[in-house]
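The values are calculated or read from the model by the stated rules, or taken from the named source; none is laboratory data. Fair warning: this is a prediction, and the values are worked out from it, not measured in the lab. Heads up, the Cβs are rebuilt from the backbone with ideal geometry, glycines too, and the neighbour counts pull from every protein chain shown. Just the protein is used for accessible areas: all its heavy atoms, side chains included, with ligands, DNA and RNA removed. Shrake-Rupley method; radii C 1.70, N 1.55, O 1.52, S 1.80 Å.
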Amino acid sequence: MRRVTILVLFLLVALTWGTTWLAMRIAAETIPPVFATGMRFMFAAPFLMSIAWLRKTPLLFPPGQRLFQLGICIFYFAIPFSLMIYGETYVSSGLASIIFANMPVAVLIASVIFLNEKMNSMQIMGLTIAIVALAGILLEETKTSTESHWQGIIALVSAVNIHAIIYTQCKKRSCAVSVITFNALPCFLAGLILSAAGWFFERPQISAFSMHSVLSTLYLGAFAGVFGILCYFALQQKANAFQASLVFLIFPLIAVSLENYIYGYAISTYLMLLIIPLAIGIFLTLISKNMPATSRNRRGTLQTNDRTPDNAKHS
């Protein structure tokens with residue numbers, strides 16, 4: 001029964017994350033990216049705050065961590081998620097999902113830089129394979145594309161790196177809070193900030209919003225931002241960290257398949273061949289992280305609940 005539960009949760013998370021990228025593309029068709037991200041968070045926040053109220057979960061981080069909570073609002077929610085949807089105005093949703101699947105690689109690099117963690121030989125090999133394969137994918141994708149294609153890629157890569165840095169800062173600060181506390185208030189504040197910024201700087205024309213775009217932002221907020229978080233949190237409770245992290249190898253396949261089915265955009269055979277070593281590289285970084293010989297943090301570095309920031313990755 002436990003295996004069936006894990007499988008169901010795994011599939012739900014993979015489907016949620018895989019469809020998120022297509023939803024962002026549809027949302028950005030008629031809604032400016034910053035305002036769309038603000039709408040997304042404003043749709044999610046009432047549900048998250050209601051869950052916090054029902055479960056008597058605090059909205060604020062513990063004393064001493066509340067300034068960091070504001071930092072999470074800006075640098076984990078507002079900026080990276082805006083960069084994601086902005087990036088999708090220039091690149092395909094399939095490519096965006098492939099870039100974001102490299103989150104474990106980015107976290108490994110950030111952990112070495114900010115936590116002074118040491119990599120074992122398998123991690124180094126996986127890291128090298130993943131970076132070379134991703135570079136090949138990006139270069140192939142931009143061969144016949146305009147300069148703006150690179151704008152989208154840079155925005156998405158920046159979002160991945162910012163998330164990875166905040167993740168390591170959570171570990172360094174021993175920021176062990178519940179998934180609801182981590183998401184609810186920062187999500188609400190980010191929604192307010194982005195909605196206001198988008199309204200004044202992007203000048204959105206509400207009459208121009210399509211129903212598909214509005215429904216996509218609702219899906220991103222109320223469904224992916226709440227249901228997706230809770231499912232991934234439940235998956236991490238039932239499965240080990242390695243099993244849960246395998247979702248990073250699956251959701252890009254769903255995103256690419258959906259884009260091909262709906263928009264008829266199929267990636268080339270050459271890119272498909274490059275995705276194989278990319279997946280192998282990511283897999284090696286994931287599996288080596290759970291080996292006994294994995295690195296240790298420098299003496300005195302505080303540990304946190306590794307699950308906290310992961311729960312928010314696709315809110």
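Computed from phi, the 3J(HN,Hα) profile of the range 32-39 under the Karplus parametrisation 6.51, -1.76, 1.60 (θ = phi - 60°) reads x, x, 5, 5, 5, 5, x, 4 Hz, with x in place of Gly and Pro. Simple rule: put +1 on each Lys or Arg Cβ and -1 on each Asp or Glu Cβ in the range 96-250, find the dipole, and look at ILE131, MET103, ASN120; the Cα lying farthest toward the positive end is ASN120. For the set GLU202, GLU29, GLU88, the ranking by accessible area, highest first and with no ligand, DNA or RNA atoms included, is GLU29, GLU202, GLU88 under a 1.4 Å probe. Using only alpha-carbon positions in the range 216-282, the gyration tensor eigenvalues give semi-axes of 26, 20, 6 Å once each is multiplied by 5 and square-rooted (largest first). Which residues in the range 237-280 place their backbone N less than 15 Å from a point set 7 Å from the Cα of HIS212 along the Cα-to-Cβ direction? Only 258-265 fall inside the zone, counting backbone N under 15 Å. Remark: C-alpha extents of the range 45-170 on the principal axes read 52, 38, 22 Å, sorted largest to smallest.
Annotation for the range 43-88 versus the range 189-240: alpha-carbon center distance of 12 Å. Ordering ILE162, CYS73, ASN240 by Cα displacement along the dipole of the chain toward the positive end leaves ASN240 in first place; charges were set at the Cβ atoms of Lys, Arg (+1) and Asp, Glu (-1). Legend: translational diffusion of the range 14-64 by Stokes-Einstein, Rh = Kirkwood radius over C-alpha pairs, 4 °C, 1.567 mPa s; D = 98 µm²/s.
When LYS143, LYS118, LYS172 are compared by accessible area at a 1.4 angstrom probe, the order from most to least is LYS143, LYS118, LYS172. Normalising by residue count, the chain has a Cα convex hull of 137 Å³ per residue. A Cα-only calculation for the range 132-183 places Rg and Dmax at 16.2, 46 Å.
Going by the alpha-carbon gyration tensor, a ≥ b ≥ c the square roots of its eigenvalues, is the range 1-119 rounded (a/c under 1.5) or, if a/c is not under 1.5, prolate (a/b greater than b/c) versus oblate? It is rounded, given that a/c, with a ≥ b ≥ c, falls under 1.5. If the Kirkwood radius is taken over C-alpha pairs of the range 150-211, then at 10 °C and 1.306 mPa s the Stokes-Einstein diffusion coefficient equals 109 µm²/s.
Placing +1 on the Cβ of every Lys and Arg and -1 on the Cβ of every Asp and Glu, with no other charges, gives the chain a dipole of roughly 1300 debye about its Cα centre. The accessible-area ordering, largest first, of the residues THR181, THR269 stands as THR269, THR181, per a 1.4 angstrom probe.
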